[in-house]
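Before any comments, here is the structure.
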Amino acid sequence: MTFSRYLLVVALATIAAIGAIAWARPSVFTSPVVVVGLGRHFSESQPGSFYAVRVAPILEERCVGCHGPKLQRARLRMDSLGDVWLGGKSGRVVVAGDPRASELYTRLLLPKSDRRAMPAGTKPPLPADEIRVIELWIASGASGHTRVEEIANAPPPPPPPVTIETPASDSVAKMRAPLEVQVGVLGERYPGSIAWVSRASGDLAVDVKRLGTSFGDADLARFEPLARAITRLDLSGTAVTDAAPLAMFERLEHVRLNDTNTGDAVLDALATLRALESVTLIGTRAHTEQIADLRRKGVKVYDARG
Amino acid sequence: MKRRLGLTDTLADSALVDIQRRHFLRHCSTGLGAMFLGTMSPAWSSGGLDFTRDPATPLAPLPPQIAPRARRVIYVHMAGAPSNLEMFDYKPELAKQDGKDCPQSFLEGKTFAFISGVPKMLGPQYPFAQAGQCGAWMSDRVPHVAKHVDDLCFVRSMRTDQFNHAPAQLAVQTGNARLGSPSIGSWVTYGLGTENQNLPGFVVLKSGTNAPDAGKPLWGSGFLPSVYQGVECRSAGEPILYLRNPDDISRGQRRAMLDVLDRLNQRTAREFGDPETLTRIAQYEMAFRMQAEAAQVLDISREPASVRAAYGAVPGDGSFASNCLIARRLVENDVRFVQLYHWGWDSHGAAPAEALNLGFKDLCRDTDQPVAALLTDLKQRGLLDDTLVVWGGEFGRTPMRENRGGQEMRHVGRDHNPNSFTIWMAGGGVKAGSSYGETDEMGYEVVRNPVEVRDLHATMLYLLGFDHHKLNYRFQGLDQKLTGVHAAKVVAELLA
């Protein structure tokens, strides 16, 4: 056998093999595995891509624990796009454009009783939306370049987790400092009536309903130094009248005036308050027209009449 | 030769002789008390908030961590686990499967209270129709609540890991299926205190033929100081047991007695330094103040007849309707947490009272109008904006008909289903007219957006202004919290 004939046989065999593969699995030729072979940087996902924004967080949460830097079950890693493309012990897990041929997708659909179902063990199955995201990504070519907006019909992303940030205690103290003296003085005079809206807030809630009719307009006037810090005010059952100085509470959001001898004038004062969200005036002399005026301004008015 | 002792030496000697083990423990208890207080101090806890108060005012109000969306809670617990398949979770596919054998996949790896062998599927027992702007499907058993769907926030994907009543109720109400943890109401009054010192911060009202299966531990304070436990009030007979003075004792005499008791307790407190003594003094004083105010607030005969009729409440009848009206009067008077229980929803089908086609109807009738009236009333009074109302049971019920002992039963019923159940919330910062999560076509398991009990708790605490990690209490060397050790999340989709 001459060398040239040997070359011919090898060449023919190679072409036949490629042909056979092309017939059986055409997607191989668009497969990023080839790209991975050429250079790893091609396999990096782009920031803002569908993969980076939608797919990677799911893999990170659901898969990387067993298929990542710590453990490489089935010799598979999923902590980077290149690793996902490379696949594991049993070969590729992603066939670009074909979710039904991609184990990354099909194994998610198996019933929990199937030994091959992922995630394995007692870990919960992926929610339908997350499976759909993975399906759409593979169907669109499993690339790291396709942008989020290019994939239509993707389920809406979950809202970001609720985080609670509290300001540093010194910034709260600074905010409260100009008020503290008056809060102390009035708190002593009207016990249990003044409270900070929250531990992080410089706003005040004033509730004097337990002082009953011993609390009147003159008492309310004493709150003038704190007026711009008060966002909630409950005067129910007190002796306040139409002459109550309510206009000074410029930042007032919620006020309750139940069972007070108040009516038109008080509502006029309230109408000037820009931050006002709700007024409750059950058992007052408030007129329906004025109530309607307040409601037109977007203020919720409660008068127990619906 | 014996040395002659000076006076001081003699005294010192006799002091040593006199100090015995008992004295040591007693005085040491000052130390123990101090150590106890030490464990309460923020320095010991890891990043939790400081909830220390003067022991004489254990219920003094404290501001929440962040501005709250809800300032008080009415939690309506339907003990026995109502069937959402007959109320809120519409499953037309299940209707088609009615009477067919249950698929094997529903039974594998599952534990049931009573179902055995292969049960039959059971379609919805009542017709459903869409209600309100949001178009939520509601059964004809809840016509009054159906008028409020646009105020409600449904969670259709609740899950629990308990399939028997008492532990499941404990899980929902205390975050822990075992005894000994504080109830939600206890945590909330511990964290926020209460604005009205003349009423308890945490009130419990029961109705239905029985108490809830897990009993008093549902509203117990667990490892929190006992002052944070729920105070049980009654809408029939004496509103609060043992609160009223005996007939021949005047209020002045009671005051004089309390003053003497107070001096004795103060002396004990000085001697032992135990903060629980001061807490006890505070509780006596609160009871004295409550004698005046509680009876009035709990007396629904003071309400106009039209309001009572809206609820269907009759003074002194001890009904759920009366309790709903009392709940409104309590939150109006700044009670922080009102817990209602209505027992009887355990619709297995083993007896008429617990049959979906019989007793269940009565339960719906007895609770639908009152709870709807409560929502209307709160809304009209401007209280719904910052009052969180929660309605729910401890688990769901199976889409299979119960076949106790493998037999077809005389009445129609469903077994316990911890894999999914529906609750709803209203007011206090939840998204009105919304629905979250989904069960499968049979209403058996959650297929979308599962919400664990601890997620519900985390969300409730968030609405009240707390990061659930920060509302904690040091016990057994741990910063204990309502949501326990498993990761819990605030469900952002439920927030308005």
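The numbers here are math on the coordinates, done by the rules we state, and not lab data. Quick caveat: nothing in here was measured; it's all calculated off a predicted structure. Cβ coordinates were reconstructed from backbone atoms using ideal geometry, including for glycine residues, and neighbour counts include every protein chain displayed.
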Q.
How tilted is helix B:7-18 with respect to the longest principal axis of chain B? Cα atoms for both, answer in degrees (0 to 90, nearest 10).
A. 30 degrees
Q. Taking the simple approach of a point 7 Å from Cα along Cα-to-Cβ for both B:GLN476 and A:ALA11, what is their distance in nm?
A. 7.9 nm
Q: Would you mind counting up the charge near B:LEU122? Only other residues with Cβ under 9 Å from its Cβ, with Lys and Arg at +1 and Asp and Glu at -1.
A: +1
Q) Structure shown: which of B:LYS216/B:LYS361; A:LYS70/B:LYS431; A:LYS112/B:LYS120; B:LYS91/B:LYS489; A:LYS300/B:LYS147; B:LYS361/B:LYS481 lie over 30 Å apart, alpha-carbon to alpha-carbon? A) A:LYS70/B:LYS431; B:LYS361/B:LYS481
Q: Starting from the exponent 0.38 and prefactor 2.2 Å, build the expected Rg for chain B from its residue count and divide its actual Cα Rg by it.
A: 1.12
Q. When the helix-only estimate is applied to chain B (DSSP H runs of n ≥ 4, each -39,500 (n - 2.57), divided by the residue count), what is the mean residue ellipticity at 222 nm, nearest 500 deg cm²/dmol?
A. -10500 deg cm²/dmol
Q: Measure nothing but the geometry: give the 0 to 90° angle between the long axis through the Cα atoms of B:165-174 and the longest principal axis through the Cα atoms of chain B, rounded to 10°.
A: 60 degrees
Q) Over chain A, what is the percentage of antiparallel beta bridges among all DSSP beta bridges, to the nearest 5? A) 30 percent
Q: Please report the relative contact order for chain A, taking Cα pairs under 8 Å with a sequence separation of at least 6, and give it as a percent rounded to a whole number.
A: 9 percent
Q.
Let's see if you can work this out: charge +1 on each Lys and Arg Cβ, -1 on each Asp and Glu Cβ, no other charges. What is the dipole magnitude of the stretch A:169-302 about its Cα centre, in debye to the nearest 20?
A. 360 debye
Q) For chain A, which DSSP H helices look membrane-span-like by this rule: Cα extent along the axis of 15 Å or more and mean Kyte-Doolittle of at least 1.0? A) A:3-24
Q: With a/c under 1.5 counting as rounded, go ahead and sort the stretch B:185-278 into rounded, prolate or oblate using the C-alpha gyration tensor (a ≥ b ≥ c being the square roots of the eigenvalues; past the cut-off, prolate if a/b is larger than b/c, else oblate).
A: oblate
**Q.** Per-residue Cβ neighbour rank within 10 angstrom, fewest leading, B:HIS468, B:HIS411
**A.** B:HIS411, B:HIS468
Q. How large is the charge dipole for the protein assembly as shown, taken about the Cα centre, if only the Cβ atoms of Lys, Arg (+1) and Asp, Glu (-1) carry charge, to the nearest 20 debye?
A. 2020 debye
Q.
Averaged over its residues, how many other protein chain Cβ atoms are within 10 Å of peptide A:190-199's Cβ atoms?
A. 4
Q: Decide, for the stretch B:330-459, between rounded, prolate and oblate: order the square roots of the alpha carbon gyration tensor eigenvalues as a ≥ b ≥ c, take rounded if a/c falls under 1.5, and otherwise choose prolate if a/b is larger than b/c, else oblate.
A: oblate
Q | For the protein assembly as shown, share of DSSP beta bridges that run antiparallel, in % to the nearest 5 | A | 40 percent
Q) Using the count of nearby Cβ atoms within 10 Å as a rough guide to exposure, how do A:ILE291, A:ILE194, A:ILE164 rank from fewest to most? A) A:ILE164, A:ILE291, A:ILE194
(Q) Neighbour counts of other C-beta atoms within 10 Å: give me B:SER420, B:SER435, B:SER116, B:SER250 arranged from fewest to most. (A) B:SER250, B:SER116, B:SER435, B:SER420
(Q) Eigenvalues of the Cα gyration tensor times 5, then square-rooted: what semi-axes does that give for the stretch A:169-302, in whole angstrom, largest first? (A) 26, 17, 11
**Q.** Evaluated over the protein assembly as shown, the Cα radius of gyration and Dmax, each in Å
**A.** 32.5, 129
Q: Taking the dipole about the Cα centre of chain A, with the C-beta of Lys and Arg at +1 and of Asp and Glu at -1, give me whichever of A:LEU7, A:PRO167, A:VAL279 is farthest to the positive side.
A: A:LEU7
Q: Give the long-range amide H neighbours of B:ASN417: residues separated by 5 or more places, or on another chain, with amide H under 5 Å away, using H modelled in the peptide plane at 1.01 Å from N.
A: B:GLY396, B:ARG397, B:THR398
Q.
For B:LEU388, what residues show an amide H to amide H distance below 5 Å, using hydrogens built from the backbone and excluding near sequence neighbours?
A. B:ARG71, B:ARG72, B:VAL73, B:ILE74, B:GLY428
Q.
I'd like the distance separating the alpha-carbon centroids of the stretch B:408-467 and the stretch A:137-165, in whole Å.
A. 27 Å
Q. Which residues' amide hydrogens lie under 5 Å from the amide hydrogen of B:ALA136, considering only partners 5 or more residues apart or on another chain, with H built in the peptide plane?
A. B:ALA131
Q. Angle between the Cα long axis of helix B:251-272 and the longest principal axis of chain B, 0 to 90 degrees, nearest 10?
A. 70 degrees
Q) Among the DSSP beta bridges whose two residues both lie in the stretch A:169-302, what percent are antiparallel, rounded to the nearest 5? A) 20 percent
Q | Positive-pole candidate from B:ALA292, B:PRO217, B:PHE88, dipole of chain B, charges at beta carbon | A | B:ALA292
